[in-house]
1. Which residues, counting only those in the stretch 190-234, are under 26 Å from GLN273 (Cα atoms) and hydrophobic (A, V, I, L, M, F, W, C)?
2. What are the residues in the stretch 330-356 that are of a type outside the set (A, V, I, L, M), part of a helix (DSSP H, G or I) and buried (at least 24 other Cβ atoms within 10 Å of the Cβ), if any?
3. Touching a helix residue (DSSP H, G or I) at 6+ places or on another chain (Cβ under 9 Å) and in a loop (DSSP other than H, G, I, E, B), is that true of GLY104?
4. Can you tell me which condition ALA372 does not meet? The list is (1) buried (at least 18 other Cβ atoms within 10 Å of the Cβ); (2) in contact with a strand residue (DSSP E or B) (Cβ under 7 Å, 6 or more places away or on another chain); (3) farther than 26 Å from GLY214 by Cα; (4) hydrophobic (A, V, I, L, M, F, W, C), and all the others hold.
5. Test each condition in (1) touching a Pro at 6+ places or on another chain (Cβ under 7 Å); (2) of a type outside the set (Ser, Thr, Tyr); (3) not in a loop (DSSP other than H, G, I, E, B) for PRO89 and report the one that comes out false.
6. Within the stretch 81-91, how many residues turn out to be surrounded by fewer than 20 Cβ atoms within 10 Å (Cβ to Cβ) and in contact with a helix residue (DSSP H, G or I) (Cβ under 8 Å, 6 or more places away or on another chain)?
7. Please find, among LEU323, LEU370, LEU359, the residue that is touching a helix residue (DSSP H, G or I) at 6+ places or on another chain (Cβ under 9 Å), in a helix (DSSP H, G or I) and under 24 Å from ASP33 (Cα atoms).
8. Right, GLU130: touching a residue at least 12 places away in the same chain (Cβ under 8 Å), farther than 26 Å from PRO314 by Cα, outside the structural domain of LEU359 (by TED's automatic domain parsing) and acidic (Asp, Glu) or not?
Amino acid sequence: MNVLERAGRLTAHAAAVPGSGIREIVMLAYGRDDVVHLEIGEPDFGTPTHIVAAGDAALATANRYTPSAGIPPLRAAIADRLHTRYGTPDDPERVVVSQGAVQGLAAVLSVLVEPGDEVLIPDPAWPNYEMQTLLLGGRPVRYPLDPAHGFRPDPEQVAALIGPRTKVLVLNTPGNPTGAVLEPGLIEALVTAAVRRGVTVVSDEVYDEIVLDGRHTSALTVAPDDVVGVFSFSKTYAMTGSRVGYLTAPAWLAPTVARVQEPLLSSISAAAQASALAALRGPQDAVTAMVATYRDRRDLVVDRLAAAGHRVTPPAGAFYLMLPLTPGADSRAAALDLVDHGVALAPGTAFGTAARSHLRLSLASSAADLVAGIDRFTAWYAHTDGGVR
């Protein structure tokens with residue numbers, strides 16, 4: 001039996017999952033010291049010392065299995081945080097701790113989506129929404145985020161896409177890859193349109209603490225009995241390697257999500273959960289400082305691009321900025337070419353079709369790297385007519 005014959009053993013669902021266009025650039029640029037890395041969303045800050053110390057202490061004294069839905073003190077602290085910030089029910093039983101936000105999202109979709117069901121996802125969007133939907137045999141249906149309108153959705157367009165097989169509407173604010181922060185009225189209109197049709201809203205709010213302008217509004221404030229909020233410690237506290245996320249779900253959904261954690265992963269690392277608890281209970285000045293730095297970096301990049309003749313929409317949240325190429329340019333081809341010109345950027349094609357002529361730049365790098373990367377990008381842009389050649 002040859003390789004192709006053996007490949008026939010794979011499920012159709014798994015075979016349908018595409019590779020990540022972000023990871024393609026990451027791997028191409030991996031280990032290259034001659035490349036400025038602006039392609040991945042990982043904070044360049046160290047994890048605050050009190051968070052590291054708590055994890056180290058847990059390794060020495062409590063390195064054991066934990067409850068599948070998370071240790072009770074952490075679930076209680078998360079419930080308190082969400083109640084204080086967004087007025088959600090102060091109920092730890094609605095909270096499930098996950099292996100990063102990505103696994104929490106996978107757990108939620110696994111209990112809501114059956115083969116053939118539809119999941120409405122933004123375009124552009126974080127690739128994992130589509131990948132996870134396909135892995136479950138679901139059908140991703142994209143709703144556009146128009147670059148000309150600051151990458152904001154039109155509630156009427158979204159409502160028109162809701163059909164009899166629609167099970168989930170995914171929202172993401174602050175947005176990855178766009179950096180857009182959706183206004184309260186827009187969020188309310190989107191959630192209301194879904195709830196009226198019996199559709200569950202899954203709101204990715206991983207960047208809820210990283211707001212550069214204005215304020216973040218949680219979809220949880222609109223319809224807490226029909227919205228799942230997905231969050232993470234990774235970006236907020238610069239602890240991506242700890243792999244701790246969490247979600248809050250309606251009372252009718254949370255127990256099932258908690259139960260499926262057992263066959264999915266048994267339990268989250270005890271040390272990582274101790275670190276997460278210390279992050280919530282400890283000082284927040286490091287978070288404030290990181291957000292201020294991201295804001296400074298954004299302004300630096302926007303100003304430097306403007307000086308070179310490139311006008312961009314300043315992101316209001318997260319730490320990403322969308323760089324437009326010449327209309328019609330292939331951003332994947334551009335991103336591949338740019339690696340050989342010394343800068344790694346994520347192609348817009350990795351996130352859908354609406355930003356196919358854009359590149360995503362991550363602000364989670366030093367000011368020096370951002371300056372070098374922008375200079376290399378603008379030189380390449382002038383040489384290629386914005387990616388056309």
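1. First pass over the stretch 190-234, keeping only residues under 26 Å from GLN273 (Cα atoms): 202-211, 216, 218-220, 224, 227-234.
If the condition is that a residue be under 26 Å from GLN273 (Cα atoms) and hydrophobic (A, V, I, L, M, F, W, C), then VAL202, VAL206, ILE210, VAL211, ALA219, LEU220, VAL227, VAL228, VAL230, PHE231, PHE233 are the ones that fit.
2. As a first pass, look at the stretch 330-356 and keep what is of a type outside the set (A, V, I, L, M): 330-332, 337, 340-342, 347-349, 351-353, 356.
Subset that is part of a helix (DSSP H, G or I): 331-332, 337, 340, 348-349, 351.
Residues satisfying the conditions are SER331, GLY348, PHE351.
3. Values: touching a helix residue (DSSP H, G or I) at 6+ places or on another chain (Cβ under 9 Å): yes; in a loop (DSSP other than H, G, I, E, B): no.
It is false that GLY104 is touching a helix residue (DSSP H, G or I) at 6+ places or on another chain (Cβ under 9 Å) and in a loop (DSSP other than H, G, I, E, B).
4. (1)
5. All conditions pass for PRO89, except number (3).
6. Let us first name the residues in the stretch 81-91 that are surrounded by fewer than 20 Cβ atoms within 10 Å (Cβ to Cβ), namely 81, 83-87, 89-91.
Checking which are in contact with a helix residue (DSSP H, G or I) (Cβ under 8 Å, 6 or more places away or on another chain) leaves us with 81, 86-87, 89-91.
Result for the stretch 81-91: 6.
7. Numbers: LEU323 fails: in a helix (DSSP H, G or I); LEU359 fails: in a helix (DSSP H, G or I).
None of the other options fit; the residue is LEU370.
8. Values: touching a residue at least 12 places away in the same chain (Cβ under 8 Å): yes; farther than 26 Å from PRO314 by Cα: yes; outside the structural domain of LEU359 (by TED's automatic domain parsing): yes; acidic (Asp, Glu): yes.
Yes, satisfied.
The values are calculated or read from the model by the stated rules, or taken from the named source; none is laboratory data. In this text, all values refer to a predicted model and were calculated from it rather than measured experimentally. No Cβ is skipped: glycine too gets one built from the backbone with ideal geometry, and neighbour counts run over all protein chains shown.
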